[in-house]
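Undergrad: Structure in structure tokens, see below.
Derivation of every value follows stated rules applied to the coordinates shown; laboratory data play no part. For clarity, every value in this text was computed on a predicted model and none was experimentally measured. Positions of Cβ are backbone-derived with ideal geometry, glycine not excepted, and every protein chain shown enters the neighbour counts.
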């Protein structure tokens, strides 16, 4: 079926089998291979992209459901020079092999917006107050992104620094 | 994944009419359905996409709230009215899944999640939910995450939702639209089925029937707690969970609503246990007796035997916290 995806600000017309996931549409049809396939079941977060500004698992949605939607992938983040978040990942050793990193970055961008909107998390003490940027908050909010190299301390430090906290 | 026809519904009426056809399923968030379709545990011939329908939004409904079926779990958990008046619901939602999944998963879809029984997901082993009559592999198999209450010889699966456990304690109702255009309201209490000898039937939805909204009654106030015990600190299903809304007045328990997750084929509630606690002065002895009554009919299957004492202790701990009684 014919759909239009707007990816990183650019419109793409695609003719896809309905079974094609958004992840496979990005990687196999648009050749945007920055978004990674890890588990393909929503468990690892390597495929995290921003859908109309919100972070989702690209493996668990069908491309045909997103006709006209706005997608941001890692290729659309820092295209004109690294963002402070990306720079912080380098400074804090937020990766080793790097396979999960595009998903971590997209997830952290989505998470920052959720924090800005005052969304609580499982570890927020007071549901009605603005959440604080503690390590526990960031770890909980990033629990959908696994890192088999276990660079979690670096990832948390990088995110805290990018959000203006002392890492 | 098996091939399927994809249809985008233009209206709720068109959606239910299309979904009344055989082998047809709705798709909304897709986070559970596509997972199971990739495993070919589910292989619908046709998907009806309802995501473009006007079934979102959270609005006042008398003294309560009307939650559209397409409201994402994230939005529901973050809604200021839910955080203030139904904190139990926010807490349960935030205890489940991940940020990415909650952004996609919908209110209606969350209620219709399928069990995380290992054998239901493994097409190489018998499962009465997948093929009625094949037998249950879990009863004599690996059953650490399985049910201890309301089981049958045909199925010991649990319902995986946290949200549904909170909604059960909050006396939520569902609004359903049928393919003939009629609407009905069903209490969540009457929505789910125990496995019995039809474990493939998980709820009372008719073919093509669509959940359009969840209705919450007026807030009950009091202390509201959702305690989830799981193998990891985040992103894991409940071994046992307890949803509690408790109000103490003049030293007596004036209101108590309790629902339990991870222990049955549906969010579990026990009116007799609530009746036992009602109008009593809270105390550790009272909580221990309530926990003992709750599990009087509980049965373990080996690897999940631990859930019986775990449920007892979790209930006692939640009641102590809710009533501010220390042992």
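Undergrad: Is it true that some residue in the stretch A:99-113 is part of a loop (DSSP other than H, G, I, E, B), out of contact with any strand residue (DSSP E or B) (no Cβ under 6 Å at 6 or more places or on another chain) and surrounded by fewer than 20 Cβ atoms within 10 Å (Cβ to Cβ)? Quick ask: steps written out before the conclusion?
TA: Taking the stretch A:99-113 and keeping what is part of a loop (DSSP other than H, G, I, E, B), we get A:99-100.
Of the ones still in play, those that are also out of contact with any strand residue (DSSP E or B) (no Cβ under 6 Å at 6 or more places or on another chain) are A:99-100.
Those left that are additionally surrounded by fewer than 20 Cβ atoms within 10 Å (Cβ to Cβ): A:99.
Within the stretch A:99-113, one or more residues are part of a loop (DSSP other than H, G, I, E, B), out of contact with any strand residue (DSSP E or B) (no Cβ under 6 Å at 6 or more places or on another chain) and surrounded by fewer than 20 Cβ atoms within 10 Å (Cβ to Cβ).
Undergrad: Give me the strands (runs of 3 or more DSSP E) completely within the stretch A:33-80, filtered to those with at least 2 residues that are more than 10 Å from chain B (Cβ to nearest Cβ), ordered by residue number.
TA: Numbers: elements: A:48-51, A:54-57, A:70-72.
Of the strands (runs of 3 or more DSSP E) lying wholly inside the stretch A:33-80, those with at least 2 residues that are more than 10 Å from chain B (Cβ to nearest Cβ) span A:70-72.
Undergrad: Which residue is surrounded by the fewest Cβ atoms within 10 Å (Cβ to Cβ), if the candidates are limited to the stretch B:93-116 and must be in contact with a strand residue (DSSP E or B) (Cβ under 8 Å, 6 or more places away or on another chain) and more than 10 Å from every other protein chain (Cβ to nearest Cβ)?
TA: Among them, the one singled out is B:112.
Undergrad: Residues in the stretch A:145-167: is at least one in contact (Cβ under 8 Å) with a residue 60 or more places away in the chain, in contact with a helix residue (DSSP H, G or I) (Cβ under 9 Å, 6 or more places away or on another chain), more than 10 Å from chain B (Cβ to nearest Cβ) and not in a helix (DSSP H, G or I)?
TA: The answer is yes, given that some residue of the stretch A:145-167 is in contact (Cβ under 8 Å) with a residue 60 or more places away in the chain, in contact with a helix residue (DSSP H, G or I) (Cβ under 9 Å, 6 or more places away or on another chain), more than 10 Å from chain B (Cβ to nearest Cβ) and not in a helix (DSSP H, G or I).
Undergrad: Which of (1) free of Cβ contacts under 8 Å to residues at least 60 places away in the same chain; (2) closer than 15 Å to residue B:214 by Cβ is the odd one out, the single condition residue B:46 does not satisfy?
TA: Among (1) free of Cβ contacts under 8 Å to residues at least 60 places away in the same chain; (2) closer than 15 Å to residue B:214 by Cβ, the lone unmet condition for residue B:46 is (2).
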